[in-house]
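This report concerns only the one structure given below.
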Amino acid sequence: MNRQASVDALSLAFDGISTTPYGRRKSVDEVTTSFGFNKASPFGKMLDVVRREATVAGLWNEDMHRDLPKRWEKHGNIIVFPQNSFQHKNWRLMGRELWRLVAESLNTERVGRKRQIADDELRTPHVDLLYGQHGWVEHVDNGIKFNYDVTKCMFNIGNAAERHRLGDLDCHSEVIVDMFAGIGYYTLPFLINASAKHVYAVDWNDDATEALKKSLEANDCADRCTVLEGDCRRVSPTGLADRVNMALIPTTRPHWLTACKCLKPKGGVIHIHETIRTMKKAKSPEKMMRLKRKAKVSRTESLGSVSEELATTDSDDVFILPKKEPNNNNVSPSSSITTVLSSDGPPSCDEVPSPTKRKFSRSASIVEELENRELPPPFIGDAIKQNGHWDALPQTYRDFAVDCASKIIGYLNNIHLLDGQVYTCTIERMEKLKTYTKHTDHVVLDVTCRPESELVVFADKFA
């Protein structure tokens, strides 16, 4: 029996058998999955049609069979195939007729195929529209209408649990800033399911904000949402948010200060997404040698704990100066940067450069007070401690949570100088959303920020 006859016999053996899609990953509307060759299944219908057409053209072989996709995503009435499907050269010889046959066999109007996501700041998704006139679809998720063009934006199918969780919150009296809003994965659940008073949705991707605006109109909630286009560090509103959502991976670290500025003076909640490596990657011997050869960099040009954000913003009203280094008499308490100025080129070995002081908006006494102020460590919330959940988290999770909350405490107490009060942070929740690689997890951290009496926070010191 030849290979073709063997496959045909196996196909007949599977006819009429209902296979269980164990471990199937659900997608936007539905991920169609087929195990086996049941001709009554969507995969079986597609296989039967394209095999018949390719056989008539004298092109069919078993490599084409293995090249057919077993899974795909359905966005509205568009089916999007994986990147590695229909790659055999014989498919191209069948021309556009192939995609018409595929669409009809799957009972859909349009067909697309993914390409690799662009390695740019927007993480632009690529979907080639293979059959159909345009890529705009309307997808309904948990009662919410999402409108987007699949050739420019993609609906994130992996964060459904987090999206539904935020939608279950009671936010009827809250103003929310949703940084990196995209097409509204979290903006729309906040507005529709959580009944937020108002949401400021911030994103710099024009295609995403266009889709979000269409969705706001489709859900009749545009009057409760302000879409801000641009870098969130420049366009995010300040001092008015009860809640800030930061759904960006791999890290939101450069934007923590911005999130703190968004919060009301009475504080609020920050939701922080991050990718965390659960196992440190060993450095190669060659890389270790390169690191050893690197010259040490002076800390005299550091802007302290807010340097990661201050370097990319125009504002210098929030800062912490670095501590004095021993034997460094050229840096004064009110200057964190030493600049050499010379009109005749670089200074000679005999010349001693004079320091140039950078002007700040706060007096040296306030800076010194900020620098020496004792701040509390973050608290661990009762909810996350229940049933030993906090202790059961991987150490890398806990280290990140404590480091993040500690940085936020510093930022908030730098922004707000309150007599007799100090801002504290409580780690309320930390969960893994999904795993990207063997040792890289996508997690979300919830931190509550509130100003408290210093006597209460440091009660053990006064007991």
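General remarks:
- Euclidean distance of C-alpha centroids, segment 434-455 and segment 208-255, integer Å: 20
- The chymotrypsin sites (Phe, Trp or Tyr not before Pro) of segment 385-463 that DSSP puts in a loop, and whose beta carbon has at most 16 other beta carbons within 10 Å, are 458.
- Accessible area per residue (1.4 Å probe, heavy atoms of protein chains only) ranks 453, 105, 173 as 173, 453, 105, with the largest value leading.
- Heavy-atom SASA rank of 455, 129, 59 (probe 1.4 Å, accessible area, largest first): 455, 129, 59
- Loop trypsin sites (Lys or Arg not before Pro), segment 424-463 (other Cβ atoms within 10 Å of the site Cβ: 13 or fewer; DSSP): 438
- Under Karplus coefficients 6.51, -1.76 and 1.60, residue-wise ³J(HN,Hα) of segment 97-113 in Hz, glycine/proline x: 4, 4, 6, 5, 5, 4, 4, 5, 5, 9, 6, 10, 8, 9, 9, x, 9
- For residue 431, the residues 5 or more places off, or on other chains, whose built amide H falls under 5 Å of its own are 444.
- Cα gyration tensor shape of segment 143-274, rounded if a/c is under 1.5, else prolate or oblate by comparing a/b with b/c: rounded
- Placed amide H near residue 247: partners under 5 Å, 5+ positions off or other chain: 179
- Heavy-atom accessible area, probed at 1.4 angstrom with all protein chains present, ranks 213, 74 as 213, 74, highest first.
- If you plug the beta carbon distance of residue 235 and residue 104 into 1/(1 + (r/R0)^6) with R0 = 35 Å, you get a FRET efficiency near 0.15.
The values are calculated or read from the model by the stated rules, or taken from the named source; none is laboratory data. Treat the numbers as computed from the prediction; the structure is a model and nothing was measured. Because the Cβ atoms are built from the backbone with ideal geometry, glycine has one as well, and the counts that use them run over all protein chains shown. Calculation scope for accessible area: heavy atoms of the full protein, side chains included, ligands and nucleic acids excluded. Shrake-Rupley method; radii C 1.70, N 1.55, O 1.52, S 1.80 Å.
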